[in-house]
Amino acid sequence: MSIIQLFIGFIIGTIIYQTVIKTLYLYYVYKRRYGKDIIVLFYPVIGWYYFVNQSFKKYGDSHQFYKTLIKENPNAKAILALSGFTNIITIIDTNWVKKCLTNQHLFFKKDGPFGFDLLFGEGLLFKNKQEWKNQRAFLQGNFHFNALMERFQMFKDCNLQFCSEVPSNGEYVKLDYYNEAAKVSSDIISYSFMGRSINEIKSNQKSFSIELINLVKDCFVYRITNPFFMIKASVFGPRKSTTSFNSSTEKGLLSRIKSINNCLYNIIEEREQQLKKKYKNHNEMVPANFLDMYLKEIWKQEEENKESKNKITLTRKEIVNQYITVIFAGTDTTSHLIGNILFELSRNPDVYQRLQKEIDDNILSFENMKYEDLNNLPYLRLVIKETQRLYPAIFYLFGRFMDKSYTDEDLFISKDLEVQIRLVSQQEKQSGLFSDIQKFNPDRYNSTDKEDPYDFIPFSAGPRNCIGQYLALIETKVAIVYALKKFHLKKRDDYELKMFQEFVYSPVEKDLFYIKRK
Ligand code: HEM
């Protein structure tokens, strides 16, 4: 038997084991244990992305298929699915979700978009165990209220470019509001991390952060839609598959990744030289942004290393990957929240008027607005929450894996499964607070009925929740105050709302309302 025949035999054997033997065994174990509490789905080879597309074609909503499934099975605790070549359990039950999130240390991440190791490998989003803990502790301070308060003026400055092309002749126009908000979001994160000079850099002939976000989205879509890569990943694992047997599309993506990484290494090197000219040693240094904070730590480790031969633990790759991580995790998620709030205001005049009044009563002008003024906008807080309920940017956490199976009196998760944790569970079940689920009704959260805090957790929950959530909320509040102070919004009657999940779950049309300068 030749080597090629052996290789083909190995691939076929792996596929049969993954899709038939392992799958049937898992379904037997779960059905025996939980019966109807577990929904079973089969998407062999083509993967769930095919059904997402089918759902979009049929209902204009890529998630309608799942929403209906959960509504029709209100007591289901989880969905067990073979997607492509992977067996996945999607946890729906609120208590089970709580158990998974409070025991985050038992789960780890090992899969992500094409090239995720090169883009995020050393970043917070994909680190695990002790390394994740160290990074989280190192970064945390930058996302606390005090640190955000210091950057408040920069948050305001970045907003001045929002819808700057709207003419001053008083005419209503349509724009891609999501893209407008994305420019603001990515600038806020880039300036916080790198300082303002990042704006001058271009990669692949496009603005740096826009190229970065597009590249990560392209890598995401490629990972979940390309059968060639799906087969490769199930045989060699997602890391190795990125760099072996590359197709021309993969080579194109790799070259864009290389050029983004080169740009970032150059920025770091330049800044390092500036700092070393300005300061004699690390103790003198006053970091102006996240990059400086990292460079100070590297400098410190290098100085200590000279004397004590300690290992240098912080690398320049970590800085590059961390920047890509926060830009990616924080841009589209926040800009979609802002865009969706404005869209809902445009078509809910009562909510719009009430919020406009709250803002006008409490904030005299955008220019003089102070950080503390944001605390006087309780209705805006409800509007944000209701928008996140109707348009959850993220439906599921990144897939988690385990070293050993989890078992307690009520929950069993086999280590042979990839675990997806669903962040939206209550609303499809149509009970209590959520009886009118399609309606945009911020007041539902004013109700005395108690919701379980784990029913809806747009920023996730537990120790591995979103590190940027306060930044996102402050940025959103500033953006909404700016929009309502400077512009009028008007409903568009001729649109059809269609929702699709790429990285974030978002409207397909991006110019869903009219806007006019005040
Ligand atoms: C509305 C806006 C946002 C939403 C809905 C959101 C949602 C989330 C969710 C659900 C997770 C958990 C992911 C997982 O465990 O698989 C997460 C993690 C994360 N988010 Fe956000 N996020 C938002 C804004 C931001 C911003 C503005 C930043 C940074 C500037 C950010 C940075 C991160 C990072 C670094 C993680 C990984 C945390 C860790 O693993 O310890 N996010 N986010």
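The values are calculated or read from the model by the stated rules, or taken from the named source; none is laboratory data. Here the structure is a predicted model, which is why all the values come from computation and not from measurement. Virtual Cβ from ideal backbone geometry, glycine too; neighbours counted across all protein chains shown. Surface accessibility is based on the protein's heavy atoms, side chains included, excluding ligands, DNA and RNA. Shrake-Rupley method; radii C 1.70, N 1.55, O 1.52, S 1.80 Å.
Within segment 491-508, is even one residue open to solvent by less than 40 Å² (accessible area, probe 1.4 Å), more than 13 Å from the ligand (Cβ to nearest atom) and of a type in the set (Lys, Arg)?
Among the residues of segment 491-508, at least one is open to solvent by less than 40 Å² (accessible area, probe 1.4 Å), more than 13 Å from the ligand (Cβ to nearest atom) and of a type in the set (Lys, Arg), which makes the answer yes.
Six or more apart or on different chains, Cβ atoms under 8 Å: show the pairs whose first residue is in segment 65-78 and in contact (Cβ under 8 Å) with a residue 60 or more places away in the chain and whose second is outside any loop (DSSP other than H, G, I, E, B) and open to solvent by 30 Å² or more (accessible area, probe 1.4 Å).
Ile70/Lys429; Lys71/Lys429; Pro74/Lys429
Could you tell me whether any residue of segment 243-258 is in contact (Cβ under 8 Å) with a residue 60 or more places away in the chain, closer than 20 Å to Gly121 by Cβ, in a helix (DSSP H, G or I) and under 20 Å from the mean Cα position of the chain (by Cα)?
yes
Each row is one residue, and each column tells you yes or no for (1) open to solvent by less than 10 Å² (accessible area, probe 1.4 Å); (2) at negative phi; (3) over 24 Å from the mean Cα position of the chain (by Cα).
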residue	(1), (2), (3)
Phe138	no, yes, no
Leu148	yes, yes, no
Phe155	yes, yes, no
Cys158	yes, yes, no
Gln161	no, yes, no
Val166	yes, yes, yes
Ser190	yes, yes, no
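Output the residues belonging to segment 328-360 that are touching an Asp or Glu at 6+ places or on another chain (Cβ under 7 Å) and outside any helix (DSSP H, G or I).
none
Looking for something without any contact (Cβ under 8 Å) to a residue 60 or more places away in the chain and either more than 16 Å from the ligand (Cβ to nearest atom) or in a loop (DSSP other than H, G, I, E, B) (or both) - is there at least one such residue anywhere in segment 383-393?
no
Within segment 149-195, how many residues turn out to be assigned to a helix (DSSP H, G or I) and basic (Lys, Arg)?
Count: 2.
For the subset of segment 362-395 comprising residues that are of a type in the set (Lys, Arg) and modelled with pLDDT of 95 or more, which member is surrounded by the fewest Cβ atoms within 10 Å (Cβ to Cβ)?
The selected residue is Lys370.
Is segment 315-330 home to any residue that is within 14 Å of the ligand (Cβ to nearest atom) and small (Gly, Ala, Ser)?
yes
Since Pro167 meets every condition but one in (1) touching a residue at least 24 places away in the same chain (Cβ under 8 Å); (2) touching a helix residue (DSSP H, G or I) at 6+ places or on another chain (Cβ under 8 Å), which condition does it not meet?
So the condition that Pro167 fails would be (2).
Only residues that are charged (D, E, K, R) and within 10 Å of the ligand (Cβ to nearest atom): list them for segment 331-355, please.
Of everything in segment 331-355, just one residue is charged (D, E, K, R) and within 10 Å of the ligand (Cβ to nearest atom), namely Asp332.
Identify, please: which residue in segment 445-484 is small (Gly, Ala, Ser) and part of a helix (DSSP H, G or I) and is, among those, farthest from the ligand (Cβ to nearest atom)?
The residue in question is Ala483.
Give just the number: which of (1) surrounded by 18 or more Cβ atoms within 10 Å (Cβ to Cβ); (2) over 30 Å from Glu250 (Cβ atoms) does Asn95 not satisfy?
Of everything listed in (1) surrounded by 18 or more Cβ atoms within 10 Å (Cβ to Cβ); (2) over 30 Å from Glu250 (Cβ atoms), Asn95 misses just condition (1).
Just give me the residues in segment 135-150 being within 11 Å of the ligand (Cβ to nearest atom) and touching a residue at least 12 places away in the same chain (Cβ under 8 Å), in sequence order.
Gln135, Arg136, Leu139, Gln140, Asn142, Phe143, Leu148
Does segment 465-512 hold any residues that are of a type in the set (Phe, Trp, Tyr) and either farther than 28 Å from Ile324 by Cβ or at pLDDT below 95 (or both), and which are they?
The answer is Phe487, Tyr495, Phe500, Phe503, Tyr505.
Quickly run through segment 467-518 and pick out the residues that are among the small types (Gly, Ala, Ser) and more than 17 Å from the chain's Cα centre (by Cα).
Ala479, Ala483 - these are the residues of segment 467-518 that are among the small types (Gly, Ala, Ser) and more than 17 Å from the chain's Cα centre (by Cα).
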